[in-house]
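Student: Quick one: structure below, then a few questions.
Any read-out appearing in this document is the output of simple, stated calculations on the displayed coordinates, not a laboratory observation. Everything numeric here is computed off the predicted structure, so don't read it as measured data. Cβ placement follows ideal geometry from the backbone for every residue including glycine, while neighbour counts extend to all protein chains displayed.
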Amino acid sequence: MSGSNLRFLLRPKWLAFHLLVFGSVALMIWLGFWQLRRLDARQEFNATVTERIDQPPVPFDTLLDDAVADPVSVEWRQVTLSGDFLADQILWFNRTQDGVAGDNVLTALVGDDGTTVVVNRGFVALGQPTPAAPAGPIDVLGRIRVPPGRQLGELTDSADGPVTEVRRVDLELLDEQLPGELAPVYVDLIGSVPNVTPADPLPVPPPTLDEGPHLSYAVQWFIFAAAVLVGWVLAVRRSIATRRRRANEPAASVTDATDERTPTDSPTPADAASTTTTH
């Protein structure tokens with residue numbers, strides 16, 4: 001089929017089809033590379049957490065200046081703190097641990113130097129009573145955490161009156177009701193002296209350091225893009241073949257009609273000879 005006969009591919013219906021196909025392919029390729037970028041970010045996160053968790057614990061106050069300047073730079077570092085827990089506790093609700101729904105218990109620790117640090121003492125399942133904070137001086141081992149930012153569309157916690165429940169760790173909100181100078185990070189409790197007892201909240205485990213499904217998702221998006229392209233090629237080739245076959249049909253019809261108009265019952269020379277002999 002000549003190039004002029006391929007002009008049907010430029011008709012509005014076909015142009016819309018091309019736009020749909022190549023737009024979908026472009027989107028799928030973008031999604032594939034997006035998953036690869038997420039994989040890179042996950043690998044970088046895993047490396048950072050592994051490096052910092054493996055470092056020996058240091059006193060919290062030695063990292064306080066770094067935490068003020070750049071909280072992310074000290075996240076996941078293990079630290080020690082000494083002081084007294086406040087009696088008032090705050091529930092960080094809508095949490096899960098090991099597939100169980102519940103709350104995390106946030107308790108402020110007033111350090112020996114006067115700095116106040118919010119400590120995530122751990123997880124309590126729904127329906128279970130919230131254990132009171134230990135009274136008296138306590139030594140805490142924990143991991144520094146950076147408060148999660150507010151998600152798009154997420155509700156904010158009310159600032160009317162003392163805060164007893166929060167959707168996220170909002171240190172600016174808690175600073176209004178806690179004494180002393182509040183640290184810009186909080187700490188996930190690992191252990192303490194006196195020791196954590198079975199009646200205390202379950203300490204929050206470190207994050208799972210796997211690469212997630214990002215690589216397999218990326219491969220799937222690339223396969224989907226290739227499949228759409230193959231389908232487009234097949235559709236175009238089939239349309240071209242169909243038009244080529246239809247273009248040849250009129251010529252075949254003319255040939256058939258000519259054959260029908262040719263007399264097939266005309267006498268042959270043998271028939272003529274036979275007639276002459278008879279007479």
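Student: May I ask you to derive the relative contact order of segment 57-193, considering only C-alpha pairs under 8 Å and at least 6 residues apart, and to give it as an integer percent? Don't skip to the answer; put the middle values down first.
Tutor: Details: 275 pairs, mean separation 40.9, N = 137.
Dividing the mean separation by the residue count of segment 57-193 yields 30 percent.
Student: Moving to a separate point now. Give a residue-ordered list of calculated ³J(HN,Hα) values for segment 185-190 (Karplus: 6.51 cos²θ - 1.76 cosθ + 1.60, θ = phi - 60°; whole Hz; x for Gly, Pro).
Tutor: Rounded to whole hertz, the list is 10, 10, 10, 7, 5, 9.
Student: Work out how much length residue 73 to residue 246 would gain on full extension: take 0.36 nm times their residue separation and subtract the Cα-Cα distance, in nm to one decimal. Walk me through the numbers on the way to the answer.
Tutor: Working: separation 173, 0.36 × 173 = 62.28 nm, distance 7.07 nm.
My answer for the length gained is 55.2 nm.
Student: Before anything else, pin down the relative contact order of segment 87-155: Cα pairs under 8 Å, at least 6 apart, normalised by residue count, whole percent. Numbers along the way, then the final one.
Tutor: Working: 79 pairs, mean separation 16.3, N = 69.
It comes to 24 percent, rounded to a whole number.
Student: Let me know the Rg and Dmax you get for segment 18-91 when you use only its Cα atoms, in Å.
Tutor: Rg, Dmax (Cα atoms, Å): 21.4, 69.
Student: Count charges around residue 19 for me, please; just the other residues with Cβ under 14 Å from its Cβ, Lys/Arg as +1, Asp/Glu as -1. Walk me through the numbers on the way to the answer.
Tutor: Values: positive: 11, 13; negative: none.
That sum, taken over residues with Cβ under 14 Å, equals +2.
Student: Near residue 32, within a Cβ-to-Cβ distance under 14 Å, what is the net charge of the other residues, with Lys and Arg +1 and Asp and Glu -1? Walk me through the numbers before you get to the answer.
Tutor: Values: positive: 37, 38; negative: 40.
Its environment carries a net charge of +1.
Student: If each residue of separation counts as 0.36 nm, what is the full-extension length gain between residue 48 and residue 113 once their alpha-carbon separation is subtracted? It would help to have the intermediate numbers written out before the result.
Tutor: Numbers: separation 65, 0.36 × 65 = 23.40 nm, distance 2.95 nm.
Extending this stretch completely gives an extra 20.4 nm.
Student: Let me ask you something else. Compute the signed sum of charges (Lys and Arg +1, Asp and Glu -1) over the other residues within less than 10 Å, Cβ to Cβ, of residue 181.
Tutor: Around residue 181, the charge tally is -2.
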